[in-house]
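Peer 1: Quick one: this structure, given as structure tokens, is what I'll be asking you about.
The values are calculated or read from the model by the stated rules, or taken from the named source; none is laboratory data. For clarity, every value in this text was computed on a predicted model and none was experimentally measured. As a convention, Cβ positions derive from the backbone with ideal geometry for all residues, glycine included, and neighbour counts pool all protein chains shown. For the accessible areas, the whole protein counts, side chains as well, though only heavy atoms, and no ligand, DNA or RNA atoms are used. Shrake-Rupley method; radii C 1.70, N 1.55, O 1.52, S 1.80 Å.
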Amino acid sequence: MNKTKEAIVKTALKLFLQKGFYHVSMNMIADEVGVSKPAIYHHFQNKDAMVEGVLDYFTEKMSAWAKKYYSNLKSGTDFVERMFNAIPIYKDVETVLLDKTAETYAYSYNDLLMILSKYKPEFRERIAEDQIHARQVLNQHLIDAQDANLIRTDLRSSQLATMIHAIIEGCAFICELDPNLNIKRVSNDMFEIVKKLINKENSLS
């Protein structure tokens with residue numbers, strides 16, 4: 001994604017989070033970027049294409065972040081621990097996407113995803129693909145950990161991946177809704193519970 005297109009996408013995302021998806025027009029995005037409306041349409045044919053651009057930007061940005069964050073892993077279990085440690089980042093993913101604190105926005109990126117998933121089926125499918133990919137990556141790390149006899153082998157890796165993914169997404173969600181919850185404490189507590197569950201000493205085989 002070139003710099004001009006990325007600037008437009010980041011501005012669109014910022015406005016979606018500030019004003020709400022349905023209240024943002026292509027004209028507003030052009031005015032905020034400081035370019036003409038034809039210049040916006042040169043890169044994005046319509047608002048739906050802009051949404052695709054935002055989703056593409058999310059995938060690219062988070063892939064780059066994940067590559068750095070998950071580098072130098074010690075084991076498959078280290079990947080799981082880092083996932084739980086990243087719950088505060090998943091909760092305020094705007095800090096990665098826009099390099100600013102999430103508190104400045106009326107809507108979270110997760111709010112936007114919920115809106116888009118109901119806006120059009122193709123966006124729901126696209127968002128689901130990202131979630132499925134995340135579970136596939138986690139599943140492979142769990143398989144690697146089982147092959148290395150680091151965690152229980154009597155549990156299906158795919159079921160573990162779904163469970164862990166659900167816990168992580170759920171923690172981020174409830175901590176976003178309840179400011180009284182300490183997200184670091186919640187993520188640490190959940191990891192300790194999962195670690196006990198997958199510990200190979202608890203294997204039934």
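Peer 1: Under 19 Å between alpha carbons, and skipping anything fewer than 8 positions from residue 195 in its own chain: which aspartates and glutamates qualify?
Peer 2: Within the straight-line limit of under 19 Å, residue 195 reaches these aspartates and glutamates: 78, 81, 144, 147, 154, 169.
Peer 1: Short version: ³J(HN,Hα) in whole Hz for each residue of the range 152-165, in order, from phi by Karplus 6.51 cos²θ - 1.76 cosθ + 1.60 (θ = phi - 60°), x for Gly and Pro, what are they?
Peer 2: Ordered by residue, 3J(HN,Hα) equals 4, 9, 8, 10, 6, 4, 5, 5, 4, 4, 5, 5, 5, 4 Hz.
Peer 1: Considering only protein heavy atoms and a 1.4 Å probe, what is the carbon-and-sulfur percentage of the accessible area of the chain?
Peer 2: 52 percent
Peer 1: Taking θ = phi - 60°, what integer Hz values does the Karplus form 6.51 cos²θ - 1.76 cosθ + 1.60 yield along the range 106-112, in sequence order, with x for Gly and Pro?
Peer 2: Working through the residues one at a time gives 6, 10, 8, 5, 5, 4, 4 Hz.
Peer 1: Given an 8 Å cut-off on Cα distances and at least 6 residues of separation, report the relative contact order of the chain as a percent.
Peer 2: RCO, the chain: 22 percent.
Peer 1: For Kirkwood radius over Cα pairs in Å, several values are listed as (i) 17.7; (ii) 18.6; (iii) 16.6; flag the one computed from this structure.
Peer 2: So the calculated entry is the one marked (ii).
Peer 1: Please report the base-10 log of the normalised intensity I(q)/I(0) for the range 112-157, using a Debye sum with one equal scatterer per alpha carbon and no solvent, at each q in 0.23 (1/Å).
Peer 2: Values returned for q = 0.23 Å⁻¹ are -0.72.
Peer 1: Averaging sequence separations of C-alpha pairs under 8 Å and six or more residues apart, then dividing by the length of the range 56-163, give the relative contact order as a whole percent.
Peer 2: Taking the mean separation of contacting Cα pairs over the length of the range 56-163, I get 26 percent.
Peer 1: What number, rounded to the nearest 500 deg cm²/dmol, is the helix-based mean residue ellipticity at 222 nm of the chain, given -39500 (n - 2.57) per DSSP H run of at least four residues and division by all its residues?
Peer 2: Theoretical 222 nm ellipticity from helices: -23500 deg cm²/dmol.
Peer 1: Accessible area per residue of the chain at 1.4 Å probe, in Å²?
Peer 2: Per-residue value: 56 Å².
Peer 1: Round to the nearest 0.05 the FRET efficiency obtained for residue 135 and residue 56 when R0 = 35 Å and r is the Cβ-Cβ distance.
Peer 2: Approximately 0.95, to the nearest 0.05.
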